[in-house]
Amino acid sequence: MRRNAVLFVAISLVSGFGSTVMALVAGIWILDLTGSAGLAGLAGLGVYAPTLAAPWLGAIVDRVPRRPLLIGADLALAGTLLSLFAVRSRADVWLIFVVMLGYGFTYVLLDAAETALLPAAVPAGLLGDVNGWRSSAQEGMKLIAPLAGAALYAWHGGAPVAALSAAMPALAALLYGLIRPHRPSSPPDPATPGPAAPGSSPAALRTGSSRSALAGLAHVRREPAIRVPVLVAAGVAVIMLLGSRWRPGLPFSLIAVAAATILAQVASLDLVVIGRLPSGLPAPTLSFLDPHAVTELLPSALAVRSLVQ
C-alpha cells in the first residue's frame, strides 16, 4: 500500500529529527550546568549503552503486537522528554542522563518493532524503495537536527528543545496509528520460543526471553561476519566513553576510529571501512583527461585569463 509507504517515510523524517535533535544539546546543557567536559562527554552513554541489551529488547518485540508497541513507546518517550522542563540547576543534571537513557532504550525498541512491522504494511515490490527513502531521511536528519537543536538552545535554553523533542515522538505515534498492515507478520521460527500462554508465570516469561536472547548471542558468536563487527564496534564505544572520562582533553573518538581502522587493515578483518568504494561502483579514473586537448586549450585559456585581468 503506497499510503503506508508514505507514512513510513514520514515517520523516518520525524523520528530521525527527534532522535538527534538532543544529540548536541544534552552535552552543551550539562556543560553549562556543571562546567565539566567529562560529564558532558558522557551524555551519549545513555543513548548508545542500551544497544548492548538489543537481544533482550528484541525478544520483547517478538512477544507483543508491533504497532501498539510503537505507539506506546513513542508516547512514553514524549512524556519522558517533557520531564526536562524540571532541569534548573546542577542538582538536576541526573535527569538529563535518565532521559538520554530512555532515549536509548526506546529507539532500540522502535527500530526492532518498525523493522518487523514494515514487511506486513508495505508490498514486497516497494520495500527496497521505501527502505532507501527511509535511510535518506534518517541520515539527512542527522545533519540538520543537531544543529537546529543547538541553535534553539543558544536562543532560548533547553526548555524549547525539550518541547520540540517531545513533539516529534508524539507525532510519530500519530503516524503509526494511521498505518494499516495488509498481511500478518511472518510466523516465528519453530526453534524460537513463541508467546507465552495466558496462564504462564512471570518466571516462565523471563525464561523464554532469556532463552531467545541467549540464542541470539550464540548466533553472533558462531558467525564471524557478525561477531567481528560487533566486537570492534563495542571496543570503539568503550574507548570513546572511558577515554573521554579519563582524559577529556584527548580526541578519543578519533583515536578509537583510527585504531579500529588500523586493526582492520593489519589483521585483514572483514569490515567495511569508511571511504572505501563499494565493489559495485567503478574505480576512480582520470581517463577523461586528454593531454593533447589540454596542450591545445592552454594558450586560449591564458589569453582569456589575461583579458579578465
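The values are calculated or read from the model by the stated rules, or taken from the named source; none is laboratory data. Just so we're clear, the structure is a prediction, and the values are computed from it rather than from any experiment. Quick reminder, even Gly has a Cβ in these numbers, built from the backbone with ideal geometry, and neighbours come from all protein chains shown.
Check Leu95, Leu143, Leu152 and return the single one that is of a type in the set (A, V, I, L, M) and at pLDDT below 90.
Selected residue: Leu143, the only one of Leu95, Leu143, Leu152 that is of a type in the set (A, V, I, L, M) and at pLDDT below 90.
Taking Ala86 and the conditions (1) of a type in the set (A, V, I, L, M); (2) over 16 Å from Tyr176 (Cβ atoms); (3) surrounded by 17 or more Cβ atoms within 10 Å (Cβ to Cβ); (4) modelled with pLDDT of 85 or more, which numbered condition does it fall short on, given that it satisfies the others?
(3)
Testing Arg63 on (1) part of a helix (DSSP H, G or I); (2) surrounded by fewer than 20 Cβ atoms within 10 Å (Cβ to Cβ); (3) touching a helix residue (DSSP H, G or I) at 6+ places or on another chain (Cβ under 9 Å), one condition comes back false. Which one is that?
So the condition that Arg63 fails would be (1).
Which one of these does Ser89 not meet: (1) farther than 14 Å from Gly44 by Cα; (2) touching a residue at least 40 places away in the same chain (Cβ under 8 Å); (3) under 22 Å from the mean Cα position of the chain (by Cα)?
(3)
So which of Leu70, Leu81, Leu42 is farther than 24 Å from Ser12 by Cβ and either part of a helix (DSSP H, G or I) or among the hydroxyl-bearing types (Ser, Thr, Tyr) (or both)?
Leu42
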